[in-house]
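S.K.: Submitted below is the structure of interest, expressed as structure tokens.
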Amino acid sequence: MEKIEELTREVCEELIRPKEKDIEENGLYIPETLSKLGELGFFGVSFPREYGGVGLTFEEALKSSIILSSYTSTISMIIGAHQLASLSIFLFGSDTLKQKYLSQLNKGRLIGAFSLTEPHAGSDPSSIKTTAFLNGDYYILNGTKAFVTNAGLANLYVIFAKTNPESGARGISAFVVEGDSEGLAVGHKEEKMALPYLPNAALVLKDVKVPKENLIGRANLGFIVAMKTLELGRILTSAGAVGLMERALHESIKYAKERTQGGQPISNYQIIQSYLAEMKTLLETSREIVLTAARKKDSNSPDLGLYSSIAKYYATKSAVDVTRLATQIFGGYGYVKGYTVERLYREAKMYEIVEGTNEIQKLIIANNILKG
């Protein structure tokens, strides 16, 4: 396990550290960085070798993700969103779909996106309005998706649509839709409070023809595809939050030792020490919770869903708390653009929202413990 962590850090030092500000603040070097990371195997660390992956455990992949996200939130979140598409195909796709797409996805030769959310259907996916009707050898898709991460960057989309609109969640199906399909268009691009170069946009489908063999699993299984994929996506999101905390703590320790007040480094003051201690505690407890969730996946534990939500809730909430404390340690400079902790504080909030809001995670956790 130490080998993948060491390799990840070496690659990040070479590829990302010198270009971090250009990537995060100017949107430069993103395609070429993704291409190099794909070639090196970072898109498919836990996928089997037969599908272009590295063949390591999900826990090992999470340790790599934590390190990557401590260097760059933009790149790590692009890869995380991409992996939702890969995981959907790997978990439920036919052998034909796996052979056709997975190796290309895991090598970064194709960029994927996962498209479930709609303008009026976020936390309740059963309310989606996008439809898919079988017409001969093709499904015809119509509708609008919202907040699609990687929209415009992706070559391939996993799109959820109603094949039986009267059946709610039991009438949803999942499809692999190639990005150059006629009738598929990227709509309004969102301008966010953070991560300006992480692509998030609407996706508009107008009579998009999708070969029936691009159905993932079977018809009306889409809700299960989405929920099982998002269980793993929540752990990936949690790993991103841990990496963010790791970076915030590193920046805070460095600044506290260098910044003087009253003739001494502010690290000598007990209030700063208490902040750093709280940050370290939140970081390490989050790390252990996230890795525990990853081990649940590796062991095919029946309570994976519970631990996935616990990890997502705790780590992302902790990321907001840790970056808030980091900003406080920096004082006025923590509120000034150009300082890393100011950016991290804004980025942290996104982790509480994506892959199911933290309010939804608490409902999942409560439902799991009450049904026992």
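S.K.: Only residues that are surrounded by fewer than 22 Cβ atoms within 10 Å (Cβ to Cβ), under 14 Å from L215 (Cβ atoms) and not aliphatic (A, V, I, L, M): list them for segment 95-112, please.
M.R.: Of everything in segment 95-112, those that are surrounded by fewer than 22 Cβ atoms within 10 Å (Cβ to Cβ), under 14 Å from L215 (Cβ atoms) and not aliphatic (A, V, I, L, M) turn out to be D95, T96, K98, K100.
S.K.: May I ask you to list the residues in segment 1-19 that are under 20 Å from the mean Cα position of the chain (by Cα) and surrounded by fewer than 17 Cβ atoms within 10 Å (Cβ to Cβ)?
M.R.: E5, R9, listed by residue number.
S.K.: Oh, and also: When you go through (1) more than 23 Å from L198 (Cβ to Cβ); (2) modelled with pLDDT of 95 or more one by one for G372, which number turns out not to apply?
M.R.: (2) is the only condition that G372 fails.
Per-residue answers, yes or no, for (1) in a loop (DSSP other than H, G, I, E, B); (2) at pLDDT 95 or above; (3) closer than 15 Å to P31 by Cα; (4) within 14 Å of the chain's Cα centre (by Cα):
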site	(1), (2), (3), (4)
L56	yes, yes, no, no
E60	no, yes, no, no
T74	no, yes, yes, yes
I78	no, yes, yes, yes
L87	no, yes, no, yes
L97	no, yes, no, no
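S.K.: Another one. Can you tell me which residue in segment 103-130 is nearest to L363 (Cα to Cα), limited to those that are of a type outside the set (S, T, Y) and in a strand (DSSP E or B)?
M.R.: Across segment 103-130, the extreme among qualifying residues is A121.
S.K.: Name the single residue that is surrounded by the fewest Cβ atoms within 10 Å (Cβ to Cβ) among those in segment 136-160 being in a loop (DSSP other than H, G, I, E, B) and in contact with a Pro (Cβ under 7 Å, 6 or more places away or on another chain).
M.R.: D137
S.K.: Consider F133 carefully, then state whether it is part of a strand (DSSP E or B) and more than 27 Å from the chain's Cα centre (by Cα).
M.R.: Numbers: part of a strand (DSSP E or B): yes; more than 27 Å from the chain's Cα centre (by Cα): yes.
In short, yes.
S.K.: Follow-up. Considering each of K257, K206, K212 in turn, give the residue that is among the charged types (D, E, K, R), free of Cβ contacts under 8 Å to residues at least 60 places away in the same chain and not assigned by TED's automatic domain parsing to the domain that holds I23.
M.R.: The unique qualifying residue is K257.
S.K.: If you take the residues in segment 174-225 that are in contact with a helix residue (DSSP H, G or I) (Cβ under 8 Å, 6 or more places away or on another chain) and charged (D, E, K, R), which one is surrounded by the fewest Cβ atoms within 10 Å (Cβ to Cβ)?
M.R.: Result: E213.
S.K.: Quick check on my filter: what residues within segment 257-278 are more than 14 Å from F330 (Cα to Cα), assigned to a helix (DSSP H, G or I) and not hydroxyl-bearing (S, T, Y)?
M.R.: Once the filter is applied, which keeps residues that are more than 14 Å from F330 (Cα to Cα), assigned to a helix (DSSP H, G or I) and not hydroxyl-bearing (S, T, Y), segment 257-278 yields N268, Q270, A277, E278.
S.K.: So for segment 289-300 (the condition being at pLDDT 95 or above and over 24 Å from V45 (Cβ atoms)), does at least one residue qualify? Quick ask: steps written out before the conclusion?
M.R.: In the first step, residues of segment 289-300 are kept if they are at pLDDT 95 or above; the result is 289-300.
Okay, now just the ones that are also over 24 Å from V45 (Cβ atoms), so none.
No, there is no match, as no residue in segment 289-300 is at pLDDT 95 or above and over 24 Å from V45 (Cβ atoms).
The values are calculated or read from the model by the stated rules, or taken from the named source; none is laboratory data. Note that the coordinates shown come from a computational prediction; the quantities given were computed from them, not determined experimentally. With ideal geometry, Cβ positions are generated from the backbone for all residues, glycine too; neighbour counts draw on all protein chains shown.
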